[in-house]
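Visitor: Handing you a structure now.
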Amino acid sequence: MTQIQPTLFVPHGAPTFALRPGAAGAALARQAQALPLPRAIVIVSAHWDTAEPTVGFAQRPETIHDFWGFPDELYRIRYPATGCREAAEEVVATLHAAGLPAHKDDERGLDHGAWVPLRLMFPDAEVPVIPLSIQSHGGPAAAYELGRALAPLAAKGFLVIASGNVTHNLRDYQMAARSGGQTPAYVRQFTDWLADRLYARDISALLDYRKQAPGGVQAHPTDEHLLPLFVALGAGGEGAQIERFHAGIDDYVMAMDAFSFLPNFGG
């Protein structure tokens, strides 16, 4: 019998998260170990952004090192994922059934938003991986609708993992990386507000976070790194059991909070 999977929002942090996973990495590993083995993983990364939803069909998706100026050992890492055409076709069909377009990409690999958390959670790469793009031009509402379209997959053994960060201000990260300093107040203010609104299931406030959240624009000068959270929220379905299974801050400004949304198919 196929076991229902949760949907997950996980941080991928700076690329160096792959080398120094710390408490957040340990939390991701524990979460993966507690899950029933998925039939396939649908990975939604903030770093694959397209005009319309696009599904990766590569049989052996390459490890993309889409960053510059980091330690050489990062560029030597390979995540030996495999794809699954049958599972990818099912993702496409599920999006079509919800009225969304879905394109196919036979060559797309795994950017660091995908392979960094996957390597921590499934180090043996034993589960097929299906990349799915975000559409940043559509903002939070489009990301939430993309997630809602994916919701039926949880009952079919698919694990939807959406990878971004609860805060992502690249300028502040670069300043902290150079000179250190203290965590800006907006990091905790925004993180606490977000968790509070999630537990309250206040979807309208979440979708309007840039106006309603304290420090919303500072936490996300652009939307793309928070959009995967809305995908995970939508994919969990209405009435999902919400759990924040990690909370913490890395590199002074990078909130590494992770959430699980366990669907309630019983009503």
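Where a number appears in this text, it was derived from the coordinates with a stated rule and is not lab data. Treat the numbers as computed from the prediction; the structure is a model and nothing was measured. So basically every Cβ, Gly included, is an ideal-geometry build from the backbone, and we count neighbours across all protein chains shown.
Visitor: In debye, nearest 20: dipole of the chain around its Cα centre with unit charges on the Cβ of K, R (+) and D, E (-)?
Guide: Dipole about the Cα centre, nearest 20: 380 debye.
Visitor: Another question, then. Hey, what number do you get for the chain at 222 nm if only DSSP H runs of n ≥ 4 count, each worth -39500 (n - 2.57), divided across all residues, to the nearest 500?
Guide: Theoretical 222 nm ellipticity from helices: -10500 deg cm²/dmol.
Visitor: Peptides 117-130, 148-161: what's the order by average Cβ count within 10 Å, highest mean first?
Guide: Ranking the peptides 117-130, 148-161 by packing returns 148-161, 117-130.
Visitor: Report, for the range 7-262, the % of DSSP beta bridges that are antiparallel, rounded to 5. Provide the component values of the computation, followed by the final result.
Guide: Values: 11 of 31 bridges.
Rounded to the nearest five, the antiparallel share is 35 percent.
Visitor: What length, rounded to one decimal in nm, is gained on full extension from ASP72 through to ASP49, with 0.36 nm per residue of separation minus their alpha-carbon distance?
Guide: Net length gain for the segment: 5.7 nm.
Visitor: With labels modelled as points extended 7 Å from the Cα through the Cβ direction, what inter-label distance (nm, one decimal) is found for GLU243 paired with ALA177?
Guide: For GLU243 paired with ALA177, the spin-label model returns 3.3 nm.
Visitor: At what distance in angstrom do the alpha carbon centres of the range 44-105 and the range 141-212 lie from each other?
Guide: 20
Visitor: What does the charge count around LEU198 come to, taking other residues whose C-beta lies under 15 Å from its C-beta (Lys +1, Arg +1, Asp -1, Glu -1)?
Guide: -4
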